[in-house]
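A.B. asks: Could you have a look at this structure, given as structure tokens, before my questions?
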Amino acid sequence: KGKKVTLEPKEGEEAIAVVIDVCVCADKVSKCDGMFLYKRNNKRWIILVELKGSDLEHAFEQLAFMKNQRQEYKELYNLFSEEQNYSLHEKSFIISNHILQRTEHQKLENSNGIRVKKILHSAATKPIPNLRDYL
């Protein structure tokens, strides 16, 4: 639906985009659209991403279900966190054409038990959001 996001690593960093919906999880059970695995120095991030039009309540539900209920997420998390000399950070983002007031954002976080770092605006006439800028 025209929503895009990127994570552009700089020299010495690594980033992998993982398509969750239809590829890693091909079933009809709730899931988010994608994930980035990102390394910088001695830190790692596992970043869940939901691309959404305006139904942000559903986006929060999908991210929470992916993180808390999907075995695929747990397996990827465990694989990415195997090396003990790295600190691992979990982040979630929604890419949408709709922005929430801060109070509504907090209400959806609390009711779904998940923190969403940022809801980023994506439109064909604007630059594609780079998640690296928000870590």
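A.B. asks: Take every Cα-Cα distance within segment 55-135, group them into 5 Å bins from 0 onward, and report for each bin the whole-number percent of pairs it holds.
C.D. replies: 3, 13, 21, 20, 20, 13, 7, 3, 0
A.B. asks: Follow-up question, since we're still on this one. Quick check: pseudo-label points 7 Å beyond the Cα along Cα→Cβ at residue 43 and residue 72, how many nm apart are they?
C.D. replies: Roughly 2.8 nm, to one decimal.
A.B. asks: Among 48, 120, 100, which one moves the most in a GNM of the chain with springs linking Cα atoms closer than 10 Å?
C.D. replies: Judging by the Gaussian network model, the answer is 100.
A.B. asks: Moving to a separate point now. What would the Debye formula give as log10 I(q)/I(0) at q = 0.26 Å⁻¹ for the alpha-carbon point model of segment 94-135, no solvent?
C.D. replies: -0.97
A.B. asks: Kindly report the accessible area of segment 1-97 per residue (heavy atoms of protein chains, probe 1.4 Å, no ligands, DNA or RNA), in Å².
C.D. replies: 56
A.B. asks: Hey, in the GNM for the chain with a 10 angstrom Cα cutoff, which one of 12, 53, 34 fluctuates hardest?
C.D. replies: 12
A.B. asks: Follow-up question, since we're still on this one. Enter the mean projected area of the convex hull around the alpha-carbon atoms of segment 1-80, in nm², rounded to one decimal.
C.D. replies: Seen from a random direction, the Cα hull of segment 1-80 projects 5.9 nm² on average.
A.B. asks: May I ask you to list the trypsin sites (Lys or Arg not before Pro) in segment 1-37 that are in a DSSP loop and have at most 10 other Cβ atoms within 10 Å of their Cβ?
C.D. replies: In loop regions of segment 1-37 (DSSP not H, G, I, E or B), the sparsely surrounded trypsin sites (Lys or Arg not before Pro) are 1, 10, 28.
A.B. asks: Amide H neighbours of residue 20 under 5 Å, at least 5 residues apart or on other chains, H built in the peptide plane: list them.
C.D. replies: Residues meeting the criterion, in which the H sits 1.01 Å from N, are 34, 35.
A.B. asks: Percent relative contact order of segment 68-135, based on C-alpha pairs within less than 8 angstrom and at least six residues apart?
C.D. replies: In percent, rounded to a whole number, it is 31.
A.B. asks: Next question. Express in whole angstrom the spacing between the alpha-carbon centres of segment 1-44 and segment 67-126.
C.D. replies: 11
A.B. asks: Measure off, as a whole percent, the carbon and sulfur share of the 1.4 Å-probe accessible area of segment 59-124, all protein chains present.
C.D. replies: 43
A.B. asks: Percentage of Cα-Cα pair distances in segment 42-85 greater than 13 Å, rounded to whole percent?
C.D. replies: 61
A.B. asks: How do 99, 119 rank by accessible surface area computed with a 1.4 Å probe, from largest to smallest?
C.D. replies: Per-residue accessible area, sorted high to low, gives 99, 119.
A.B. asks: Note the full-extension length gain between residue 102 and residue 128 as 0.36 nm times their separation in residues minus their Cα-Cα distance, in nm to one decimal.
C.D. replies: Net length gain for the segment: 7.1 nm.
A.B. asks: By Kyte-Doolittle mean hydropathy of at least 1.0 and Cα axial length of at least 30 Å, which whole DSSP H helices of the chain are selected?
C.D. replies: Membrane-span-like by this rule: not one helix.
A.B. asks: Below 8 Å, C-alpha to C-alpha, sequence gap of six or more: please give me the relative contact order for the chain in percent.
C.D. replies: 29
A.B. asks: Over segment 1-52, what relative contact order in percent results from Cα pairs under 8 Å that are six or more residues apart?
C.D. replies: 33
A.B. asks: Name the most mobile residue of 62, 71, 84, meaning the one with the largest mean-square fluctuation, in a Gaussian network model of the chain with Cα contacts below 10 Å.
C.D. replies: Among 62, 71, 84, the largest mean-square fluctuation in the Gaussian network model of the chain belongs to 84.
A.B. asks: Among all stretches of the chain without exposed GluC sites (Glu not before Pro) (DSSP loop, at most 11 other Cβ atoms within 10 Å), which one is longest?
C.D. replies: Formally, the longest exposed-site-free interval is 12-81.
The values are calculated or read from the model by the stated rules, or taken from the named source; none is laboratory data. As the structure is a computational prediction, the values presented were derived from the model and not from experiment. Don't worry about glycine lacking a Cβ; one is built from the backbone with ideal geometry, like all the others, and counts go over all protein chains shown. Remember, those area values only see protein heavy atoms, side chains included, never the ligands or the DNA or RNA. Shrake-Rupley method; radii C 1.70, N 1.55, O 1.52, S 1.80 Å.
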